[in-house]
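Below: the structure, in structure tokens.
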Ligand code: AMP
């Protein structure tokens with residue numbers, strides 16, 4: 001495994017690999033690698049001959065007062081894990097390599113980034129799609145893997161890749177969870193023991209919503225209210241949003257007929273955590289029937 005810090009060197013490596021007929025997979029991360037990232041690496045390896053993991057805490061996706069400075073970093077530990085996962089390259093550019101003086105070009109995806117996290121973090125998606133464009137141009141991957149945990153990000157990157165004709169397959173990866181259901185996240189290290197326990201209510205509330213849909217409730221508003229009620233039973237949690245959207249284009253919906261995204265964001269101590277699930281009425285009904293027949 002090699003470590004590359006310079007964009008030009010990364011491009012030369014990629015060009016050579018492509019000329020030799022190798023397929024390249026990219027897993028973009030902000031580091032502090034966990035088992036969610038590891039699962040993306042495993043998927044990346046299945047899709048390509050060579051795996052590049054990028055580790056870059058991207059300043060343009062953090063707003064003023066957010067946790068850019070405090071974001072957990074441990075490159076030595078990350079490097080070892082990438083080696084264990086048999087990555088071929090870790091691309092680890094310094095900030096001034098990605099954003100040298102005079103930088104002034106951004107990529108923006110319009111509609112799908114407006115609501116949900118886009119409403120709470122106004123520059124976030126502009127930063128994400130800009131850095132992904134730069135990573136795509138540096139690493140020249142055939143395929144890039146993104147987690148469903150950051151569902152809106154996945155939709156935005158897919159939209160961007162399509163709209164801007166990136167010749168890259170965007171592959172999605174399921175959310176990896178802790179035993180109690182909490183979605184694994186680098187930001188979980190911000191939680192103390194009590195907050196960590198409380199945070200599990202987020203996933204429980206998503207599962208509760210699935211049950212409600214299985215019982216035939218189709219009104220998004222009703223589900224959102226029930227989910228909010230459940231989360232509010234935990235006094236340590238402050239809800240940012242609970243919303244239901246069309247799973248494909250993230251538009252508002254008035255009835256849950258096809259797959260719908262139920263997304264939550266909440267503050268637990270100083271950590272802002274997000275999680276989501278897809279509500280599919282036909283599947284939730286089947287699950288509910290299976291549960292009934294086991295009773
Ligand atoms: P991050 O380092 O948080 O920017 O995440 C890098 C990539 O890992 C993104 O595509 C995330 O969606 C994905 N990811 C983060 N947490 C998880 C998880 N618990 N399960 C699966 N993928 C994840």
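The values are calculated or read from the model by the stated rules, or taken from the named source; none is laboratory data. Because the structure is predicted, anything quoted here is derived from the model rather than measured. We place every Cβ from the backbone using ideal geometry, glycine too, and count neighbours over all the protein chains shown.
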>> Please determine whether any residue of region 53-69 is in contact with a strand residue (DSSP E or B) (Cβ under 8 Å, 6 or more places away or on another chain) and surrounded by fewer than 21 Cβ atoms within 10 Å (Cβ to Cβ).
In response: yes
> Are any of the residues in region 170-183 surrounded by fewer than 19 Cβ atoms within 10 Å (Cβ to Cβ), in a helix (DSSP H, G or I) and touching a strand residue (DSSP E or B) at 6+ places or on another chain (Cβ under 7 Å)?
Replying inline: no
> When region 99-129 is examined, which residues are found to be part of a helix (DSSP H, G or I) and out of contact with any helix residue (DSSP H, G or I) (no Cβ under 6 Å at 6 or more places or on another chain)?
Replying inline: 111, 119, 120, 126
> Does region 185-196 contain any residue that is closer than 30 Å to residue 14 by Cβ, touching a helix residue (DSSP H, G or I) at 6+ places or on another chain (Cβ under 9 Å), within 13 Å of the ligand (Cβ to nearest atom) and modelled with pLDDT of 95 or more?
Replying inline: yes
> Within the set of pairs 6+ apart or on separate chains, which have a first residue in region 174-189 that is under 20 Å from residue 78 (Cβ atoms), a second that is near the ligand (Cβ under 6 Å from one of its atoms) and outside any loop (DSSP other than H, G, I, E, B), and C-beta atoms under 7 Å apart?
Replying inline: 176/36; 176/39; 183/149; 184/36
> Among the residues of region 100-114, is any closer than 21 Å to residue 50 by Cβ and touching a residue at least 24 places away in the same chain (Cβ under 8 Å)?
Replying inline: no
> Can you find a residue in region 28-35 that is surrounded by fewer than 21 Cβ atoms within 10 Å (Cβ to Cβ), more than 14 Å from residue 140 (Cα to Cα) and away from the ligand (no atom under 14 Å from the Cβ)?
Replying inline: no
>> What pairs come out if I take residues in region 132-145 that are without any contact (Cβ under 8 Å) to a residue 40 or more places away in the chain and pair them with residues that are away from the ligand (no atom under 15 Å from the Cβ) whose C-beta lies under 6 Å away, six or more apart or interchain?
In response: 133/107
>> Tell me which strands (runs of 3 or more DSSP E) are completely within region 195-295 and hold 3 or more residues being under 18 Å from residue 176 (Cα atoms), or say none if there are none.
In response: 260-268, 271-279
> Just checking, which of 91, 62, 56, 68 is without any contact (Cβ under 8 Å) to a residue 60 or more places away in the chain, on the phi < 0 side of the Ramachandran plot and within 15 Å of the ligand (Cβ to nearest atom)?
Replying inline: 68
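Would you call residue 240 under 21 Å from the mean Cα position of the chain (by Cα) and surrounded by 14 or more Cβ atoms within 10 Å (Cβ to Cβ)?
So residue 240 passes the test.
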> If you scan region 155-167, which residues turn out to be buried (at least 19 other Cβ atoms within 10 Å of the Cβ) and either near the ligand (Cβ under 9 Å from one of its atoms) or farther than 15 Å from residue 128 by Cα (or both)?
Replying inline: 157
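Out of 82, 117, report the one residue that is over 16 Å from the mean Cα position of the chain (by Cα) and within 13 Å of the ligand (Cβ to nearest atom).
Exactly one residue qualifies, and that residue is 82.
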